[in-house]
Amino acid sequence: MEFFGGLPASPSLRGSPRIADLEVDQRDIRRLLNDTTRTATRPEIPPMRQTVMAFSSGKGRVLLVHAFSDPDSMVPTPMTSETDTPQAQPALGDAPSFSDAEGSHHVPVRQADVAIVGAGAAGLFAAAWAGRTARERGRPLSILAVDGARKLGAKILVAGGGRCNVTHWRVAEADFAGSTPPAIRKVLARFTADDTVAFFKAAGVELKREDTGKLFPVTDSARTVLDALVREATRGGTSLVHPARVEAITRDTAGFRITTSAGLLRAGRVILCTGGKSLPKSGSDGGGHLLATALGHSLTAPIVPALVPLVVPSGHWITALSGLTLPAELVLSAATGKRIKACTGSTLCTHFGLSGPAVLDISRHWLVARDQAAGTASPPARLSINWLPGIPPDAVDALLLAPGGRGTLSILRDHLPDRLTRQLCELAGAPTSGDLPREPRKRLVHLLTATPLDITGDRGFTLAEATAGGVPLSEVRLDTMESRICPGLHFAGEVLDVDGRIGGFNFQWAWASGFLAGTAAAS
Ligand SMILES: Cc1cc2nc3c(=O)[nH]c(=O)nc-3n(C[C@H](O)[C@H](O)[C@H](O)COP(=O)(O)OP(=O)(O)OC[C@H]3O[C@@H](n4cnc5c(N)ncnc54)[C@H](O)[C@@H]3O)c2cc1C
């Protein structure tokens, strides 16, 4: 660990000779941080009242920077960053006691009242509400949000095609899967979509509702959402520390001991917001599941990708229709024929299989059913596709019987692309023109309304938008998101066994659970 600018270390700060405990003016602060990161100081605080701590990761890069208005109390103050982009913002952390990344320097363990592990959607939201709650109650708390990612909020930035579908105008437990509907409802009721709209409005982000019911920022830019979240979290007093991967958390009588790639941290309370396993390159790779199990929690089985494209065998006729998009209904049925789940919406044929909202929505249901049947005597559930949603089989039959001598291709042209009709006629052994005899007609009606799908798998967590499974809600107190197993540990976001359908529901879950966990942890 090094200091920048050759400024003297103070022996007064927790005895560490490696910490620059300085009373400096703004120019010194800037000089201290020059060439390594941008400054993040509070102009409204008199310069001589600011204490700056800068740490090098040992790789010529500032790892942690923080300023206090009151160095004695060690309570972090909100900071305004000069940067307009969260990833350009310096990693902020009141972390004078973190050892460096290589662990070659041993300094005392850093203390925090609340440590938030994972600063994604749920973590930043929990941070914002923990800070607000602490202030409202006049309880100065040291709140740290630790994230393993070099750039914060990668998933927020890619969400909604870069526009970030923040929530949905109408949110209900039926839009989610995983834990039981009453449990999910209880959490959602505490922070509604209206609350989300109000929160972001107050944070400077107006949301607009689109025809689909999805809400996006009026800027159509996910960056405004991420910037607002970072701003609200730091304004509330949370210090963001990254990259600092949490490797282990243990609990003893004194609280939590958190081992990170940047050193040791002790905290009175922990909010675990590590996400699931989807888009692992964003930092959410399932490591949080292991942290939860090490603290005594169980995980659902299976844990599978959700909102993920599905794969058919190579050379399957669907792959020949690659590029075709049309509305369709995906139906999951038990071997008995009983409908388990149906999802309707835009469906896309691709070179590997199927994608589009309806397929993404049904994917977790098929994967869970498949995995639960594996190794048992039960026959697996089956997936089929109705290419004419909203038209019952009898009506399709009547349509094909329409008088006037029109052939099948001509009749179905009002409903389906020719490419698909030709393919289904071929599979049914039905002519595309001229008379359609009874038997091929019956087969065609069946294919039009319930083509059995031969799905071999999914595109994996790398291409999944969410994770099905995680820590069961039954192990969490739903009014505080506090663990029933490990007191002082709270959960929020996708690490829990809740996943939403396409439409902004996963973020709404992150907001609602983050709100509850943040306010409770700071209360
Ligand atoms: C491509 C894509 C598009 C999406 N679009 C939308 C959308 O438009 N609307 C919507 O509602 N949902 C969308 N989602 C889903 C949504 O992004 C997630 O449900 C949501 O981000 C979950 O929030 P989270 O905070 O629980 O987890 P994450 O956002 O995954 O954040 C977890 C954080 O924890 C950190 N972390 C993990 N493990 C550790 C560790 N051991 N130590 C330190 N840090 C750790 C990670 O680096 C990460 O920053 C999309 C997802 C993807 C992948």
**Prompt:** Within segment 323-369, restricting attention to residues that are within 21 Å of residue 498 (Cα to Cα) and among the basic types (Lys, Arg), which residue is surrounded by the most Cβ atoms within 10 Å (Cβ to Cβ)?
**Reply:** 364
**Asked** Out of all the residues in segment 296-312, which are assigned to a loop (DSSP other than H, G, I, E, B) and more than 13 Å from the ligand (Cβ to nearest atom)?
**Response** 296, 297, 298, 299, 300, 301, 302, 303, 312
**Message:** Looking only at residues that are farther than 16 Å from residue 122 by Cα, touching a His at 6+ places or on another chain (Cβ under 8 Å) and part of a loop (DSSP other than H, G, I, E, B) in segment 473-496, which one is nearest to the ligand (Cβ to nearest atom)?
**Reply:** 486
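Would it be correct to say that residue 449 is at pLDDT 95 or above and polar (S, T, N, Q)? Before you say what the answer is, go through the steps one by one.
Working: at pLDDT 95 or above: yes; polar (S, T, N, Q): yes.
So residue 449 fits the description; yes.
Taking into account only those residues within segment 251-280 that are of a type in the set (Ser, Thr, Tyr) and within 14 Å of the ligand (Cβ to nearest atom), which is surrounded by the most Cβ atoms within 10 Å (Cβ to Cβ)? If you could, list the steps in order and put the result at the bottom.
Quick first cut of segment 251-280, residues of a type in the set (Ser, Thr, Tyr) only: 253, 259-261, 274, 278.
Still in the running and within 14 Å of the ligand (Cβ to nearest atom): 259-261, 274, 278.
Working: 259: 15, 260: 26, 261: 18, 274: 32, 278: 26.
Here the residue is 274.
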**Request:** Answer yes or no as to whether residue 203 is out of contact with any Asp or Glu (no Cβ under 9 Å at 6 or more places or on another chain) and either under 19 Å from residue 125 (Cα atoms) or basic (Lys, Arg) (or both).
**Result:** no
**Asked** Does at least one position in segment 378-393 carry a residue that is assigned by TED's automatic domain parsing to the domain that holds residue 339, surrounded by fewer than 16 Cβ atoms within 10 Å (Cβ to Cβ), touching a helix residue (DSSP H, G or I) at 6+ places or on another chain (Cβ under 6 Å) and within 18 Å of residue 318 (Cβ to Cβ)?
**Response** no
**Prompt:** So which of 288, 283, 315 ends up being more than 13 Å from the ligand (Cβ to nearest atom) and either surrounded by 23 or more Cβ atoms within 10 Å (Cβ to Cβ) or more than 23 Å from residue 180 (Cβ to Cβ) (or both)?
**Reply:** 315
**Request:** May I ask you to say which residue of 159, 122, 115 is within 8 Å of the ligand (Cβ to nearest atom) and out of contact with any Cys (no Cβ under 6 Å at 6 or more places or on another chain)?
**Result:** 159
**Item:** Which numbered condition residue 259 fails, given (1) in a strand (DSSP E or B); (2) of a type outside the set (Asp, Glu); (3) in contact with a helix residue (DSSP H, G or I) (Cβ under 8 Å, 6 or more places away or on another chain); (4) free of Cβ contacts under 8 Å to residues at least 60 places away in the same chain
**Value:** (3)
**Prompt:** For segment 305-325, which residues satisfy the criterion of being touching a residue at least 60 places away in the same chain (Cβ under 8 Å), farther than 22 Å from residue 379 by Cβ and within 28 Å of the chain's Cα centre (by Cα)?
**Reply:** 305, 306, 307, 308, 309
**Any pair with Cβ under 7 angstrom, 6 or more apart, that starts in segment 144-165 at a residue that is closer than 20 Å to residue 521 by Cβ and ends at one that is modelled with pLDDT under 95 and near the ligand (Cβ under 7 Å from one of its atoms)** = 147/283
**Message:** Pairs please, first residue from segment 497-518 and in contact (Cβ under 8 Å) with a residue 24 or more places away in the chain and assigned to a loop (DSSP other than H, G, I, E, B), second anywhere and near the ligand (Cβ under 9 Å from one of its atoms) and among the hydrophobic types (A, V, I, L, M, F, W, C), Cβ atoms under 8 Å, 6+ apart in sequence or on different chains.
**Reply:** 501/307; 502/307; 504/166
**Item:** Odd one out for residue 430 among (1) in contact (Cβ under 8 Å) with a residue 60 or more places away in the chain; (2) away from the ligand (no atom under 16 Å from the Cβ)
**Value:** (1)
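Rundown of residues vs (1) outside the structural domain of residue 326 (by TED's automatic domain parsing); (2) surrounded by fewer than 17 Cβ atoms within 10 Å (Cβ to Cβ); (3) within 30 Å of residue 364 (Cβ to Cβ), yes/no style:
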site	(1), (2), (3)
400	no, no, no
405	no, yes, no
410	no, yes, no
418	no, yes, no
421	no, no, no
424	no, no, yes
445	no, no, yes
451	no, no, yes
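The values are calculated or read from the model by the stated rules, or taken from the named source; none is laboratory data. Since this is a predicted model, take the numbers as computed values, not measurements. A quick note on method: Cβ atoms are made from the backbone with ideal geometry, for glycine too, and the neighbour counts reach across all protein chains shown.
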